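This report refers to the structure that appears directly beneath it.
Throughout, read-outs are computed from the coordinates displayed, never taken from laboratory work. Owing to the predicted nature of the structure, the values given are computational and were not obtained by experimental measurement. Positions of Cβ are generated from backbone atoms using ideal geometry, with glycine treated the same way; all protein chains shown enter the neighbour counts.
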Amino acid sequence: MRAWLLAAALLALAGCASLPGPQANPVAGPAVAGLQQAWVQAVAGPAWAVRALTADASCPRLAWPGGSAAMTERSAPGDEAPPPGNKEPQRKPSHFALRACEAPWPALPAGVDSLQVDTVTLKAPAAEARRIVVIGDTGCRLKASGHAFQGCNDPLSWPFPRVLAQALAMQPDLVVHVGDYHYRESPCPAALAICADSPWGYGDDTWQADFFQPARALLAAAPWVFVRGNHEACSRAAQGWLRYLDPEAGPARACSPAGPGVNDGDFTEPFAVPLSPRSQLIVFDSSEIGSRTPPRDSQAWARWRAQLDRVAELSRNRAQSLFVTHHPSLAFSPSLLGTPSAARSGLTPLLQDATPGRLFPPGVQATLHGHIHMHQALGFAGNHPATLVIGNSGSAAAGRVDATAALNYELQPGALLETVEVHTDFGFSLLTATPEGWQLEAFDASGRPLASCTLAGSRLRC
């Protein structure tokens, strides 16, 4: 990945940055007065909440025919110190100019299916979510410690705005983002046109450029489920995550050390998002665990393990569950030659301890992830749940997976594959409910189909 990105940077310096294609991505400007974005998101409960970001001195109100409600402040504008433990060579305080606001989704009168936040119309959550857009790993990578500088100003190099336009055209009932929103951690080098003038750091100017401004229309078009990625851990962009997207209601939480290797801000209780009377999502925060497993006798192990017990409890609430977390446990890591190798997840030993063999409770029919910057749909011959990786929605990637060789690779003992569908194109996926389960369709950034699969129980066919 690093070599590919560095090569792109060198090409740009040589004057080759102007590629034919869509209009250049707009460079984010400073926040103006008034409402910036408003959206509906799933929160712990299960419940739905309205969130908004405003440059005004007070929070906006919700309004609907015959009623209105106040929004309360989650976080006020202010500065925060650089994230603790962050190792980027250039660091600065995080400046937040916007006020984050929240209100529970209200009980609307019969026949009313939307409300207003200022000029933004927000649709009520569907009684049954039948069309679900899935995106992941969307930000534009600027990372000096990795010598990685993506073309944030080039819609071919960073196609997230194009992906969003195609996703919006699908008219989804729900949007799921599987994590990693924020990537602009370092300043763009001088004279590098492909990312010139990009904001950087962990403040809300970067959050606006990487996610909120491009996603404004899709944020308003359907409710969202936000999954936390490793880029939103306390050592990186957690300050913005906790202010804006954290599923816990009330005043924004903070990163707070709670023992060796444990930060309270890196832990979120798993929660369910009902999709229908028979199906649900179970959302799990794996942001901090990454590829490192804590020692069995550690406080961190105990907390993760207790959360997996909670996942098992939640899985009994519906006949079928999709387990949604950023890091996959049964997936492939890409390489330049495509040679199959298992992606590492620090959560896997904990899953093996909680549910030996299968890794997941019986009600989990599939797992949904990002982190790996490609599309993977993996079906197993035994009773393992299918793996769906949708990490190809904007952030730069390199490498591939040889599907033929992967079909004969055991990701763990007994995990025999019968379906391997892999794509490196930028894009997104659409899950459509069927009587047996789900249809999965993958699309590229221009909306062209890449793959079509069916999921019945835990059996995936492509």
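Couple of notes before you dig in:
- Anisotropy class of region 266-395 from Cα gyration tensor, a/c 1.5 cut: oblate
- Residue-wise HN-Hα coupling along region 378-385, computed from phi with Karplus coefficients 6.51, -1.76, 1.60 (Hz; x: Gly, Pro): 10, x, 10, 6, x, 9, 5, x
- Which of 294, 307, 267, positive extreme of dipole for region 251-316 (C-beta unit charges): 307
- Database remark: amide H of residue 426 closer than 5 angstrom to the amide H of 445 (H placed geometrically; neighbours at sequence offset of 5 or more, or on other chains; Pro and chain starts carry no H).
- Whole-angstrom gap from region 146-185 to region 36-83, using each part's C-alpha centre: 23
- Calculated from backbone phi, Karplus (6.51, -1.76, 1.60) coupling profile of region 341-356 in Hz, x at Gly/Pro: 8, 6, 5, 8, 9, x, 7, 4, x, 5, 5, 5, 5, 6, 9, x
- Taken one residue at a time, the phi angles of region 51-57 give Karplus couplings (6.51, -1.76, 1.60, θ = phi - 60°) of 10, 8, 10, 9, 8, 6, 7 Hz. Gly and Pro are set to x.
- Extension gain from residue 446 to residue 70, taking 0.36 nm per residue of separation minus the Cα-Cα distance: 131.4 nm
- Proximal lysines to residue 143, defined as alpha-carbon separation beneath 19 angstrom and excluding residues fewer than eight positions away on the same chain: 87, 92
- Net charge contributed by nearby residues that have their C-beta within less than 14 Å of residue 59 (K/R +1, D/E -1): +1
- Net length available on complete extension from residue 87 to residue 193 is 35.6 nm, with 0.36 nm assigned per residue and the Cα-Cα distance removed.
- Value at 222 nm in deg cm²/dmol, rounded to 500, when DSSP H runs of n ≥ 4 in the chain each add -39,500 (n - 2.57): -4000 deg cm²/dmol
- Of 405, 345, 386, farthest towards positive along the dipole that unit charges on Lys, Arg, Asp, Glu beta carbons give region 340-429: 345
- Count Lys and Arg as plus one, Asp and Glu as minus one, and take only other residues whose Cβ is under 13 Å from that of residue 177; the net charge is then -3.
- Residue (of 107, 68, 93) at the positive-pole extreme of region 63-134, dipole from beta-carbon charges: 93
- The chain - charge dipole about Cα centre, Lys and Arg +1 at Cβ, Asp and Glu -1, debye rounded to 20: 300
- Computed from the Cβ-Cβ distance with R0 of 25 Å, the FRET efficiency linking residue 23 to residue 171 stands at 0.55.
- Cα gyration tensor shape for region 164-289, rounded if a/c is under 1.5, else prolate or oblate: oblate
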